[in-house]
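The values are calculated or read from the model by the stated rules, or taken from the named source; none is laboratory data. As the structure is a computational prediction, the values presented were derived from the model and not from experiment. Note that each Cβ is placed from the backbone with ideal geometry, even for glycine, and that neighbours are counted across all protein chains shown.
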Amino acid sequence: MAPAPPLAAAPLRQVLRAHGLAPAGPVPVPPREVTPRVLAVETTAGPVAVKVFAPDQRAQAQAECAMLLHLRGHGAGDYRVQQLVMPRSSPPPLVLAGHAVLVTRWEPGEHRPYQAIDAAGWLALGRSLAALHRRLDDHPGHGLPDLLDALRAVDPDRERATLEAHRRRATAHQAPGAAAVLELLAERAALFDQRGPRALGAIPHVDPRPIHNDYNVHNYLFSPGEPPLILDWERAGRAPRELEVCRCLAHLPIVAPDHAQAFVDGYLAVRALDPALVRWAAEAAACAHALKHWPVELWLAGAPGAAARVEAMVEIPRALVREAATFD
């Protein structure tokens, strides 16, 4: 997703004023860029996060607002999400010069790579996901994309053609990271051959329910003594909850089976799963890694950091392909 341009000083003051906020101190502390789309801002009411969406991301901004509004105040210690700061004279998100802007209370905590999350952390993540799903059972899901429809629309021949076109371009485009790109493409092609027919040929006919749809290490924020805070709800969609559980696990059952078991145990302590759907969801979650074209597309476009991102992403499809019997 392309980042929105950062807010200039004057628009940022407008955003704060619209939310009843003012910069902290006689000499305002300059905002800190957390990501290309998120600023950390000190205000007289405490620190806040200001998230700016590009003009074509209005639907994502509205989805994130709707989910945060539905979830707020109901966690009772079972889950944590960001707390919206409401605009004074309009419903969120605020729209300024075509950009949707979301303001939330700043939450302290740390991100951890999956290797640094211990069994207790995975247990807590499983419990939090189940508690979120339980709370979202009474969310109507209006306006959220149906992820099963997206799977039904997948054309296997087109996907294979895209993989082959990317392979040819990467072979000719010998930029830094080319070897990792070619390895990623080869592993994804093999993974699609393994998992595609079973994932796409047996899509269940069920009522999809709201899910986070991006529940991964980039969106977990850990603080001592509290459930992990779950960030970034803009990609929320509708799917069987079993699919989200399997996608969260990724290759964890292969590289850290005890941690995978802790995650599942945490989930099942709060909410049940359908074993038949779990079997299909495992196939679909693996297949999703084969269909993930954007990292290679960014590398081909010369995007900053794309080579490092590709190198980090090779691990999952490689493990799923080479340990297929274990995964089964």
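Tell me, yes or no, whether segment 295-313 has at least one residue that is among the basic types (Lys, Arg), under 25 Å from Ala116 (Cα atoms), assigned by TED's automatic domain parsing to the domain that holds Ala131 and buried (at least 19 other Cβ atoms within 10 Å of the Cβ). Checked segment 295-313: no residue is among the basic types (Lys, Arg), under 25 Å from Ala116 (Cα atoms), assigned by TED's automatic domain parsing to the domain that holds Ala131 and buried (at least 19 other Cβ atoms within 10 Å of the Cβ). Ala236 meets all of the listed conditions (1) touching a residue at least 12 places away in the same chain (Cβ under 8 Å); (2) farther than 28 Å from Ala59 by Cβ but one, namely (2).
Considering Gly109, Gly73, which residue is farther than 21 Å from Leu16 by Cα and without any contact (Cβ under 8 Å) to a residue 12 or more places away in the chain? Among Gly109, Gly73, only Gly73 is farther than 21 Å from Leu16 by Cα and without any contact (Cβ under 8 Å) to a residue 12 or more places away in the chain. Consider segment 252-269 and keep the residues that are touching a residue at least 12 places away in the same chain (Cβ under 8 Å) and loosely packed, with under 14 Cβ neighbours inside 10 Å. The one that is farthest from Leu129 (Cα to Cα) is Asp258. Being among the small types (Gly, Ala, Ser), modelled with pLDDT of 95 or more and in contact with a Cys (Cβ under 9 Å, 6 or more places away or on another chain) is a property that Ala272 lacks.
Quick one: in segment 139-167, of everything that is at negative phi, part of a loop (DSSP other than H, G, I, E, B) and in contact (Cβ under 8 Å) with a residue 12 or more places away in the chain, which residue is surrounded by the most Cβ atoms within 10 Å (Cβ to Cβ)? For segment 139-167, the residue satisfying everything is Leu144. When segment 102-138 is filtered for residues that are among the aromatic types (Phe, Trp, Tyr) and crowded, with 22+ Cβ neighbours inside 10 Å, only Trp122 remains. Going by the conditions given, is Glu311 within 24 Å of Asp193 (Cβ to Cβ), of a type in the set (Asp, Glu) and in a helix (DSSP H, G or I)? It is true that Glu311 is within 24 Å of Asp193 (Cβ to Cβ), of a type in the set (Asp, Glu) and in a helix (DSSP H, G or I). Counting the residues of segment 87-101 that are in contact with a Gly (Cβ under 9 Å, 6 or more places away or on another chain) and either closer than 16 Å to Pro210 by Cβ or surrounded by 15 or more Cβ atoms within 10 Å (Cβ to Cβ) (or both) gives 1.
To keep it simple, each residue is scored yes or no on (1) modelled with pLDDT under 95; (2) in contact with a helix residue (DSSP H, G or I) (Cβ under 6 Å, 6 or more places away or on another chain); (3) closer than 25 Å to Arg238 by Cβ.
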position	(1), (2), (3)
Leu147	no, no, yes
Ala161	no, no, no
Glu164	no, no, no
His173	yes, no, no
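From the list Arg188, Arg198, the lone residue that is in contact (Cβ under 8 Å) with a residue 12 or more places away in the chain, surrounded by fewer than 16 Cβ atoms within 10 Å (Cβ to Cβ) and in contact with a helix residue (DSSP H, G or I) (Cβ under 6 Å, 6 or more places away or on another chain) is Arg198. In segment 59-67 there is no residue matching the filter, namely being surrounded by fewer than 18 Cβ atoms within 10 Å (Cβ to Cβ), assigned to a loop (DSSP other than H, G, I, E, B) and at pLDDT below 95. Scan segment 112-130 and tell me whether some residue there is over 19 Å from Trp294 (Cα atoms), modelled with pLDDT under 95, in contact with a helix residue (DSSP H, G or I) (Cβ under 7 Å, 6 or more places away or on another chain) and in a helix (DSSP H, G or I). There is at least one residue in segment 112-130 that is over 19 Å from Trp294 (Cα atoms), modelled with pLDDT under 95, in contact with a helix residue (DSSP H, G or I) (Cβ under 7 Å, 6 or more places away or on another chain) and in a helix (DSSP H, G or I).
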